[in-house]
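The values are calculated or read from the model by the stated rules, or taken from the named source; none is laboratory data. Everything numeric in this text was worked out from a predicted model, so none of it was measured. Cβ placement follows ideal geometry from the backbone for every residue including glycine, while neighbour counts extend to all protein chains displayed. The protein model used for the area step is the full one, side chains on, heavy atoms only, and it has no ligands, DNA or RNA in it. Shrake-Rupley method; radii C 1.70, N 1.55, O 1.52, S 1.80 Å.
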Amino acid sequence: MMLLILFAMNTHVNLPKWLDDLIFGKLGAKYCPSNSDMTVIDWDKNNVLNYLGTYFPRSYAEAYCIFCHLFQTQPNLFSQKEDLSIFDFGCGTGGEIIGLLDAITNNIPTIKRVNVKAFDGNRHALRLYERIFEEYKCHLNYEVKTQVVPLEIEDFYDLSVLLSVLQDEFDLVMTFKAICEFVTKDRFEKQNPYAHIVRNFIPKLKSEGLMVLDDVTTYNNVSQDWLPKMMDTGLTTVSNCQVLMRNEGYNQTFTVHHSNRDADVSKVAWRIIKKHISI
């Protein structure tokens, strides 16, 4: 039986000015939304700059709002911890990581150290992530270390290689707008990618750890199905996971204000899951 908590939450965010200046000013990001099935892993530097200007602010807003509400709804979560470990599957340029770290800053005062492992298959995105992260460390009041894991996942074997090098267990595993690419690429031989990713990463969680799935809500032309439906169908087949929180309805709308768009809107489906402990 799945435990579902439906709740209202803040869904409007201003992109911090220093971050806006960095990505749109120094790094040359471009606001260029697209409604097509995305496969960012194949994109060149110019396309990744379009991604940075469009989806980085959205991922920041989604992560900041989701994690703020998680921490406020469950104030005892991580409240006794000084160290947190995070793994991001498909980090891209890192918008969700910065959003999460800002949520930690504003909600968990005990945290002194955070270790982030960030996986992605696009080297251009990872380089931008590292540049943003170096700047971000100047704005933090706790220690943060990051390690990028560059690897392109073509099939089951590549995923097993990634899992084999992840010796740690994590407090948080997250994936934002990444699994949709595996649907479009049909990487797992018709298996449900949401089920496959969750089934493999749930064992990487600490006993009180959580996994966060966030993805676009479009109809995918390869799978011939709606992605939120695929997400829920996949989760029902993973026996050792339990849905703790989720958006209400088909999707949730988040709005982020930045210099290239006064009110940029994203619509996503998200689920927070934990290990299901059999009694």
(Q) Restricting to region 222-279, give me the number of residues that are surrounded by 14 or more Cβ atoms within 10 Å (Cβ to Cβ), assigned to a strand (DSSP E or B) and either among the aliphatic types (A, V, I, L, M) or touching a Lys or Arg at 6+ places or on another chain (Cβ under 8 Å) (or both). (A) 17
Q: State all residues of region 72-91 that are open to solvent by 10 Å² or more (accessible area, probe 1.4 Å) and either in contact (Cβ under 8 Å) with a residue 12 or more places away in the chain or in contact with a strand residue (DSSP E or B) (Cβ under 9 Å, 6 or more places away or on another chain) (or both); if no residue qualifies, say none.
A: Q72, T73, Q74, L77, F78, S79, Q80, K81, E82, D83, S85, G90
Q. Within region 20-71, how many residues are of a type in the set (F, W, Y), modelled with pLDDT of 95 or more and under 29 Å from I108 (Cα atoms)?
A. 5
(Q) Residue under question is S207, and the condition is that it be touching a His at 6+ places or on another chain (Cβ under 8 Å), hydroxyl-bearing (S, T, Y) and open to solvent by 20 Å² or more (accessible area, probe 1.4 Å); does it hold? (A) no
Q: Search region 156-183 for residues that are within 26 Å of A269 (Cβ to Cβ) and pair each with any residue that is open to solvent by 10 Å² or more (accessible area, probe 1.4 Å) and acidic (D, E) when their beta-carbon atoms are under 7 Å apart and the residues are at least 6 apart or on different chains.
A: D158/E152
